[in-house]
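S.K.: Take a look at the following structure, please.
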Amino acid sequence: MSKFLSYFILFLSSNLYADQDKTINIIVENCKSCHNLNIEVTKKIPDLNNLEKEEFIRLMTKYKNDKDNSVMNRISRVLTENDILKMADKIYGKR
Amino acid sequence: MVKDRFGRRKFISNIMTNLAFLFLANTFLLKRLNSKTRPKIVIVGLGIGGATCLQYLSKISNLVDIIVIEKQNEYQTGPLSNLVIGNILERKDICFKINKNKYKNVKFIFENVRRIDVEDKSVIFSKNLKVKFDFLILSPGISYKNDILQGYSVSDKKNIPHCWDGESNITQFKKRLRDLENNSKIIITSPDYPYRCPPAPYERASLIANYQRKLNKKVKILILDSKNSFTKQENFFREWQISFGDEIEWIPRSKGGKVVFYDQKKNLVKNSDGQVFKGDFIHIIPEQKAANIFSDSDLLNDGKDWCEINPLSFEVNRFKDIYAVGDSIDAWAMPKSAFSANSQAKVLAINLINKILEKDYIDPVFLNTCYSFSKEDRAFSISAWYRLNITKDKIISLGSNESSVYANNNDRKLEAQHAFGWYETMVNDLFM
């Protein structure tokens with residue numbers, strides 16, 4: 001039982017458990033530090049406005065599951081698949 | 001997958017969202033807030049943390065009065081300043097005039113702040129003028145400990161400027177570096193934690209070595225460290241090995257790296273064992289603490305160098321309606337970086353808006369990504385997400401990860417591109 005509990009606590013402490021919609025909002029606000037969502041500022045970092053929602057989900061899932069240790073791999077590693085779907089809803093709207 | 005029509009759709013969607021927000025705010029909230037006095041928010045310091053707060057709070061500038069106090073109307077960023085020292089960028093590339101036109105209904109005051117009168121809820125200027133506040137946000141950055149290194153004074157103009165903030169003379173630093181003769185010895189002393197931008201001393205050593213090579217000069221750089229390890233250490237060691245051979249040598253505290261004495265006239269430092277190191281260019285990076293305004297206003301807890309805050313609201317412990325953000329706070333696991341300050345300030349501003357609008361606080365998460373360059377086209381980074389612990393009184397890391405030590409040239413180049421991209425996005429957002 002205690003082993004299960006410690007695994008559960010470990011699980012809770014190793015991801016963002018972004019079950020709150022408001023927490024998704026602040027995750028997306030952090031994405032904006034590099035990816036401006038309003039206007040294209042730089043071509044050095046991909047502009048999320050130029051992606052379709054499905055492509056965003058596909059890319060984020062790929063980054064999460066990659067083993068290449070890139071910046072996006074490291075950042076998306078702690079996100080759950082549900083987090084990624086909610087982020088997509090937030091950025092691109094529910095449709 | 002690039003779709004122009006999506007950009008238009010998103011643009012229209014953004015406008016509709018903003019209009020809906022303004023309609024709701026005006027209909028339901030403005031009436032209530034106008035029944036009282038409009039809350040007055042004062043922001044002291046328009047660096048990364050202060051400017052981010054302003055960016056978010058200005059979205060409700062029709063509901064509140066916002067006053068920004070900054071000592072000068074130009075801001076020099078800490079990020080990329082090592083690239084100016086390394087002659088990759090010019091100083092003008094990292095300097096920004098404060099763009100007052102970017103913000104409607106915001107008043108700017110360019111004055112030195114002397115202290116905060118907590119009882120009177122006012123900011124006192126050097127000429128005893130004052131501005132009252134309902135909510136105060138302090139984002140003034142760091143100051144320096146003057147009593148750690150015998151013989152060294154931060155204010156002595158004859159020293160090599162430390163260049164750890166936007167005030168010290170980066171141009172003079174560069175000139176003295178350029179004037180060095182071949183086979184000169186450079187000594188850099190690296191401070192103990194916590195301090196602003198933990199990997200910066202090592203990035204600076206790399207970019208100085210890179211610059212000297214371009215000047216066809218061979219130098220020896222000795223880093224005397226008050227610590228026994230440092231962030232992205234293995235990545236730096238690998239980059240030094242690839243690009244600079246044995247030009248950069250790091251001496252940890254355990255092997256005599258802790259410097260306790262400085263003699264400017266004799267160009268030497270001594271470590272805690274009394275060992276003497278002579279150099280042609282001695283660059284002291286001073287030990288640091290929160291900006292003086294905190295101690296001058298009695299906002300620090302006894303014996304503390306950094307401001308202690310509530311991590312949910314960023315309200316200063318024991319002081320209602322006074323908030324602090326950025327390098328001057330003790331942010332537990334979060335390092336003192338521009339990315340951290342930007343991330344913290346978003347939470348501060350959003351939760352302050354929630355407080356003013358009498359809504360629930362969001363449960364915050366924070367992100368940090370910190371890039372370091374070894375040359376203009378080689379960079380690597382460390383990243384981590386952070387959230388609050390179960391009892392909501394501390395910021396904890398979900399585990400930091402850094403670039404692979406054996407990353408190939410293309411990966412290093414791509415990270416350099418990302419570093420420039422992050423910087424361009426941030427300064428465009430905040431200062432243009």
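S.K.: Can you list residue pairs whose Cβ atoms sit under 7 Å apart, with the first residue in segment B:244-270 being closer than 23 Å to B:ALA209 by Cα and open to solvent by 30 Å² or more (accessible area, probe 1.4 Å) and the second being of a type in the set (S, T, N, Q) and not in a helix (DSSP H, G or I)? Count only pairs 6 or more apart in sequence or on different chains.
M.R.: B:ARG253/B:SER226; B:ARG253/B:ASN228; B:LYS258/B:SER226; B:LYS258/B:ASN271; B:LYS258/B:SER272; B:GLN264/B:ASN159
S.K.: Looking at B:ASP93, B:ASP165, B:ASP120, can you tell me which residue is assigned to a loop (DSSP other than H, G, I, E, B), under 22 Å from the mean Cα position of the chain (by Cα) and among the charged types (D, E, K, R)?
M.R.: Among B:ASP93, B:ASP165, B:ASP120, only B:ASP165 is assigned to a loop (DSSP other than H, G, I, E, B), under 22 Å from the mean Cα position of the chain (by Cα) and among the charged types (D, E, K, R).
S.K.: Say we look at segment A:58-77 and pick out the residues that are over 19 Å from B:ASN410 (Cβ atoms) and away from every other protein chain (no Cβ under 12 Å); which of these is surrounded by the fewest Cβ atoms within 10 Å (Cβ to Cβ)?
M.R.: A:ASN65
S.K.: Still on this structure, please answer the following. Give the residues of segment A:16-57 that are out of contact with any Phe, Trp or Tyr (no Cβ under 7 Å at 6 or more places or on another chain), facing chain B (nearest Cβ under 7 Å) and among the basic types (Lys, Arg), sorted by residue number.
M.R.: Answer for segment A:16-57, where residues must be out of contact with any Phe, Trp or Tyr (no Cβ under 7 Å at 6 or more places or on another chain), facing chain B (nearest Cβ under 7 Å) and among the basic types (Lys, Arg): just A:LYS22.
S.K.: Further question on the same structure: Quick one: B:LYS158 ticks every box in (1) open to solvent by 10 Å² or more (accessible area, probe 1.4 Å); (2) part of a loop (DSSP other than H, G, I, E, B); (3) assigned by TED's automatic domain parsing to the domain that holds B:LYS227 bar one, so which box is it?
M.R.: (3)
S.K.: I need a count of the residues in segment B:96-117 that are assigned to a loop (DSSP other than H, G, I, E, B) and not basic (Lys, Arg).
M.R.: 6
S.K.: Continuing with the same structure: Six or more apart or on different chains, Cβ atoms under 7 Å: show the pairs whose first residue is in segment A:77-95 and in contact (Cβ under 8 Å) with a residue 60 or more places away in the chain and whose second is among the basic types (Lys, Arg) and in a helix (DSSP H, G or I).
M.R.: A:LEU79/A:LYS64
S.K.: Out of the residues in segment B:323-363 meeting the condition of being touching a residue at least 12 places away in the same chain (Cβ under 8 Å) and among the basic types (Lys, Arg), tell me which one is farthest from the other protein chains (Cβ to nearest Cβ).
M.R.: B:LYS336
Let's see how each residue does on (1) within 30 Å of B:ILE160 (Cβ to Cβ); (2) surrounded by fewer than 16 Cβ atoms within 10 Å (Cβ to Cβ); (3) modelled with pLDDT under 95; (4) of a type in the set (Val, Ile, Thr):
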{"site": "B:ASP273", "(1), (2), (3), (4)": "yes, yes, no, no"}
{"site": "B:ILE282", "(1), (2), (3), (4)": "yes, no, no, yes"}
{"site": "B:ASP296", "(1), (2), (3), (4)": "yes, yes, no, no"}
{"site": "B:CYS307", "(1), (2), (3), (4)": "yes, no, no, no"}
{"site": "B:GLY326", "(1), (2), (3), (4)": "yes, no, no, no"}
{"site": "B:PHE339", "(1), (2), (3), (4)": "yes, no, no, no"}
{"site": "B:ASN351", "(1), (2), (3), (4)": "no, no, no, no"}
{"site": "B:LYS359", "(1), (2), (3), (4)": "no, yes, yes, no"}
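S.K.: Going residue by residue through segment B:198-216, is there one that turns out to be open to solvent by 10 Å² or more (accessible area, probe 1.4 Å) and in a strand (DSSP E or B)?
M.R.: Within segment B:198-216, none of the residues are open to solvent by 10 Å² or more (accessible area, probe 1.4 Å) and in a strand (DSSP E or B).
S.K.: Would you say A:ILE9 is at the interface with another protein chain (Cβ under 8 Å from one of its Cβ atoms) and either on the phi < 0 side of the Ramachandran plot or modelled with pLDDT under 95 (or both)?
M.R.: no
S.K.: Being in contact with a Phe, Trp or Tyr (Cβ under 8 Å, 6 or more places away or on another chain), open to solvent by 40 Å² or more (accessible area, probe 1.4 Å) and polar (S, T, N, Q) is the filter here; which residues of segment B:380-424 pass it?
M.R.: B:SER397
S.K.: Please give the number of the condition B:ARG38 fails out of (1) modelled with pLDDT of 95 or more; (2) surrounded by fewer than 17 Cβ atoms within 10 Å (Cβ to Cβ).
M.R.: Of everything listed in (1) modelled with pLDDT of 95 or more; (2) surrounded by fewer than 17 Cβ atoms within 10 Å (Cβ to Cβ), B:ARG38 misses just condition (1).
S.K.: Any residue in segment A:47-62 that's aromatic (Phe, Trp, Tyr): show its pairings with residues that are surrounded by 18 or more Cβ atoms within 10 Å (Cβ to Cβ) at Cβ separation under 7 Å, as long as the two are six or more apart or on different chains.
M.R.: Close Cβ pairs satisfying both conditions: A:PHE56/A:LEU48; A:PHE56/A:ALA88; A:PHE56/A:ILE91; A:PHE56/A:TYR92.
S.K.: Of all residues in segment B:302-323, which are assigned to a loop (DSSP other than H, G, I, E, B) and closer than 14 Å to B:VAL118 by Cβ?
M.R.: B:ASN317, B:ARG318, B:PHE319, B:LYS320, B:ASP321
S.K.: Just for segment B:168-197: of the residues that are among the charged types (D, E, K, R) and in contact (Cβ under 8 Å) with a residue 24 or more places away in the chain, which one is least open to solvent (accessible area, probe 1.4 Å)?
M.R.: B:LYS174
S.K.: Next question, about the same structure. Answer yes or no: is there a residue in segment B:374-387 that is within 11 Å of chain A (Cβ to nearest Cβ), more than 12 Å from the chain's Cα centre (by Cα) and not in a strand (DSSP E or B).
M.R.: Checked segment B:374-387: no residue is within 11 Å of chain A (Cβ to nearest Cβ), more than 12 Å from the chain's Cα centre (by Cα) and not in a strand (DSSP E or B).
The values are calculated or read from the model by the stated rules, or taken from the named source; none is laboratory data. Computed from a prediction, not measured in an experiment: that's the story for all the values here. No Cβ is skipped: glycine too gets one built from the backbone with ideal geometry, and neighbour counts run over all protein chains shown. The area values use the complete protein model at the heavy-atom level, side chains included, leaving out ligands, DNA and RNA. Shrake-Rupley method; radii C 1.70, N 1.55, O 1.52, S 1.80 Å.
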